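Undergrad: Quick one: structure below, then a few questions.
The values are calculated or read from the model by the stated rules, or taken from the named source; none is laboratory data. A quick note: this is a predicted structure, and the numbers were derived from the prediction, not measured. So basically every Cβ, Gly included, is an ideal-geometry build from the backbone, and we count neighbours across all protein chains shown.
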Amino acid sequence: MVERATRMAEVDSVRRRNPGPRFVTGPLLNHILAMTAAGAVGLMAIFVGDLANIYFLSRLGDEAIVAAIGYASSILFFATSIGIGLSIAATTLVAPALGADRRVRARRLSANAHVLAFAISAVAAVATWLAIGPLLTFLGASGRTFELAHFYLEFLVPTLPVLSLGMTSAAVLRSVGDARRAMFVTLSGAIVNTLLDLLFIVHFGLGLEGAVVSSIIARLVIMGVGLYGVVAVHELLGRPKVATLKQDAPAYCRIAAPAVLTNIAPAVGNGYVTLAMSHYGDAAVAAWAIIARINPVAFGAIYALSGTVGPILGQNFGARSLTRMRDVFTLSLLTAAGFTALAWLILALVAHPLANVFKAGPETRELIVFFCRWLSPLFVFFGTLFITSAVFNTLGRAHFSTVLNWGRATLGTIPFVVLGGHFFGAYGVLSGYMVGGVAFGLIAIIAGYRLIARVGKTLTL
């Protein structure tokens, strides 16, 4: 009895320090914008860190290094997508538990999500590390470019479990509504990455080796800051137990498996574009590598918005509020359209100066400018896919998201890229990649509303 009373007192203490769900009341647009703003800063910080790597390396004037980063990025994107998928599973489980005001359950789910994320990503890292050579060959890397990309990957791929833990911690922080601290998880890593790039690449002249060291240290910082927020600040990490791990693992894997497959799909599409661009030389691959780094920075708010939808929708799903669930989806789509229009305007205005920053050669420059001015507004259809995927994952229909995203990565990419490349070369490859997503973005919107309506019927029973 004394032990039980002590345990209940501890639970009450935690509740007083951490009040109930935040998103089930109040203006939804305010919640969306506040969470997205904080998330955008955090995500864009990561992307700025990646951009800093390629910026400082591009200043060396060696196009082979930039092309190597392009090839390596396709494989890192694949590996990182696994971590993102695992973090989605954490949000999907923890946010509804918090929305239903079941904090003890949320602590247990958070702990098990961290353990499972580390274990699964470790296996994925080993498999990817063993396949680095064949993957680079498949993507079209050869000669010195192959050697540079291989070196870069053999040190960064093993850090996937570290990054996955940081991502899972950030997901739990977003689930509880602490967008600011979730932002700091990635912001701290980006700051460290950029400062160390300046030190190792610029000051000591270590080149690619310096980029590797700074990235590894930055990932360790991300993990440390994330775990501190979950454990010390919110006390949302119970002690893992084998019994509860066995109980929660099936539910986690049911969400994580399709979520990982969903997030791998864009990586596969990205890899196919890298392969297609390799037919036009290192200049085209370098342009694609730079564009792939510019996109997340320019459209960071949309990436963040997709991470915002899950916690807000999840809490209202736990609270059985159909109207607010539908409004979350509508407002998120409108917000994505607004962010895209703003990003397009900025990219169109700074296209040439942006190419100058990376010391791009003539062919690389023209491809960058072409994308910024004419193709970037089509990113809104990527946004609708991201948002709808978050809806599917949160409402327990992650397999819908998998089908849509793989459809986009295959039917919405390969034929358009092939035709575009055949008629217009590298410009056609870029155009085909962007145009191919329009239909799948529109399908995603319709499917999202239908799913919310279907789930809503079960809430009213």
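Undergrad: Which numbered condition in (1) more than 30 Å from Ser58 (Cβ to Cβ); (2) assigned to a helix (DSSP H, G or I); (3) under 22 Å from the mean Cα position of the chain (by Cα); (4) not hydroxyl-bearing (Ser, Thr, Tyr) is the only one that Gly396 fails?
TA: In the conditions (1) more than 30 Å from Ser58 (Cβ to Cβ); (2) assigned to a helix (DSSP H, G or I); (3) under 22 Å from the mean Cα position of the chain (by Cα); (4) not hydroxyl-bearing (Ser, Thr, Tyr), Gly396 misses (2) alone.
Undergrad: I'd like to check something: does the range 381-391 contain any residue that is farther than 24 Å from Gly314 by Cβ and modelled with pLDDT of 90 or more?
TA: Quick first cut of the range 381-391, residues farther than 24 Å from Gly314 by Cβ only: 381.
From what's left, modelled with pLDDT of 90 or more: 381.
For the range 381-391, residues farther than 24 Å from Gly314 by Cβ and modelled with pLDDT of 90 or more: present.
Undergrad: Can you confirm whether Ser175 is closer than 28 Å to Ala119 by Cβ and touching a Phe, Trp or Tyr at 6+ places or on another chain (Cβ under 6 Å)? Spell out the reasoning first.
TA: On the way: closer than 28 Å to Ala119 by Cβ: yes; touching a Phe, Trp or Tyr at 6+ places or on another chain (Cβ under 6 Å): no.
The answer is no for Ser175.
Undergrad: Scan Thr330, Thr323, Thr335, Thr340 and give me the residue that is polar (S, T, N, Q), at pLDDT 90 or above and within 16 Å of Ile452 (Cβ to Cβ). Don't jump to the end; show me each part of the working.
TA: On the way: Thr323 fails: at pLDDT 90 or above; Thr335 fails: within 16 Å of Ile452 (Cβ to Cβ); Thr340 fails: within 16 Å of Ile452 (Cβ to Cβ).
Thr330 is the lone residue from the list that is polar (S, T, N, Q), at pLDDT 90 or above and within 16 Å of Ile452 (Cβ to Cβ).
Undergrad: If Val157 satisfies all but one of (1) under 17 Å from Thr394 (Cα atoms); (2) modelled with pLDDT of 90 or more, what's the number of the condition it fails?
TA: With (1) under 17 Å from Thr394 (Cα atoms); (2) modelled with pLDDT of 90 or more applied to Val157, the lone miss is (1).
Undergrad: Look through the range 403-440, keep the residues that are surrounded by fewer than 23 Cβ atoms within 10 Å (Cβ to Cβ) and among the β-branched types (Val, Ile, Thr), and return whichever of them is farthest from Tyr280 (Cα to Cα).
TA: Out of the qualifying residues, it is Val403.
Undergrad: Cβ contacts < 9 Å: first residue on the phi > 0 side of the Ramachandran plot, restricted to the range 319-343; second residue polar (S, T, N, Q) and surrounded by 17 or more Cβ atoms within 10 Å (Cβ to Cβ), any location; separation 6+ or different chain. Result?
TA: Sorted first by the residue in the range 319-343, then by its partner, the list stays empty.
Undergrad: Going residue by residue through the range 294-302, is there one that turns out to be crowded, with 21+ Cβ neighbours inside 10 Å and more than 15 Å from the chain's Cα centre (by Cα)?
TA: The answer is no; no qualifying residue exists.
Undergrad: Being outside any helix (DSSP H, G or I) and of a type in the set (Phe, Trp, Tyr), is that true of even one residue in the range 250-257? Spell out how you get there, then give the answer.
TA: Kept after step one, since they are outside any helix (DSSP H, G or I), are these residues of the range 250-257: none.
Among the residues of the range 250-257, not one is outside any helix (DSSP H, G or I) and of a type in the set (Phe, Trp, Tyr), which makes the answer no.
Undergrad: Consider Ile302 carefully, then state whether it is of a type in the set (Val, Ile, Thr) and touching a Gly at 6+ places or on another chain (Cβ under 7 Å).
TA: Working: of a type in the set (Val, Ile, Thr): yes; touching a Gly at 6+ places or on another chain (Cβ under 7 Å): yes.
Criteria met by Ile302.
Undergrad: Do any residues in the range 194-222 that are under 25 Å from Ser169 (Cβ atoms) have Cβ atoms under 8 Å from those of residues that are outside any helix (DSSP H, G or I), where the two are at least six apart or on different chains, and which pairs are they?
TA: Val213/Leu206
Undergrad: Evaluate the following for Ile368: is it in a helix (DSSP H, G or I) and surrounded by fewer than 18 Cβ atoms within 10 Å (Cβ to Cβ)?
TA: no
Undergrad: How about the range 154-196: which of its residues are out of contact with any His (no Cβ under 6 Å at 6 or more places or on another chain), closer than 30 Å to Gly133 by Cα and of a type outside the set (A, V, I, L, M, F, W, C)?
TA: Hits for the range 154-196 are Glu154, Pro158, Thr159, Pro161, Ser164, Gly166, Thr186, Gly189, Asn193, Thr194.
Undergrad: Quick check on Gly318: is it surrounded by 23 or more Cβ atoms within 10 Å (Cβ to Cβ), at pLDDT below 85, over 29 Å from Leu419 (Cβ atoms) and touching a Leu at 6+ places or on another chain (Cβ under 8 Å)?
TA: Answer is no for this residue.
Undergrad: Within the range 1-119, considering only helices (runs of 4 or more DSSP H) that don't extend past its boundaries, which have at least 1 residues that are modelled with pLDDT of 70 or more? Full working, then the answer.
TA: Values: elements: 2-17, 28-58, 63-99.
It comes to 28-58, 63-99.
Undergrad: While we're here: Which one is farthest from Ala100 (Cα to Cα) among residues in the range 321-335 that are of a type in the set (A, V, I, L, M, F, W, C) and surrounded by fewer than 24 Cβ atoms within 10 Å (Cβ to Cβ)?
TA: Within the range 321-335, the first condition is being of a type in the set (A, V, I, L, M, F, W, C), and the residues that meet it are 322, 325, 328-329, 331, 333-334.
Going one step further and asking which of them are surrounded by fewer than 24 Cβ atoms within 10 Å (Cβ to Cβ), we end up with 322, 329, 331, 333-334.
Values: Leu322: 14, Phe329: 20, Leu331: 23, Leu333: 26, Leu334: 28 Å.
My answer is Leu334.
Undergrad: Answer with yes or no whether Ala343 is crowded, with 19+ Cβ neighbours inside 10 Å, farther than 21 Å from Ser401 by Cβ, among the aliphatic types (A, V, I, L, M) and within 19 Å of the chain's Cα centre (by Cα). Lay out the reasoning, then the answer.
TA: Numbers: crowded, with 19+ Cβ neighbours inside 10 Å: yes; farther than 21 Å from Ser401 by Cβ: yes; among the aliphatic types (A, V, I, L, M): yes; within 19 Å of the chain's Cα centre (by Cα): yes.
Against the criterion (crowded, with 19+ Cβ neighbours inside 10 Å, farther than 21 Å from Ser401 by Cβ, among the aliphatic types (A, V, I, L, M) and within 19 Å of the chain's Cα centre (by Cα)), Ala343 qualifies.
Undergrad: Looking at Arg293, is it modelled with pLDDT of 90 or more, touching a helix residue (DSSP H, G or I) at 6+ places or on another chain (Cβ under 6 Å) and among the charged types (D, E, K, R)? Break it down stepwise before answering.
TA: Numbers: modelled with pLDDT of 90 or more: no; touching a helix residue (DSSP H, G or I) at 6+ places or on another chain (Cβ under 6 Å): yes; among the charged types (D, E, K, R): yes.
So Arg293 does not fit the description; no.
Undergrad: Of the conditions (1) of a type in the set (A, V, I, L, M, F, W, C); (2) free of Cβ contacts under 8 Å to residues at least 12 places away in the same chain; (3) in contact with a His (Cβ under 8 Å, 6 or more places away or on another chain), Ala232 fails just one. Which one is it?
TA: Condition not satisfied by Ala232: (3).
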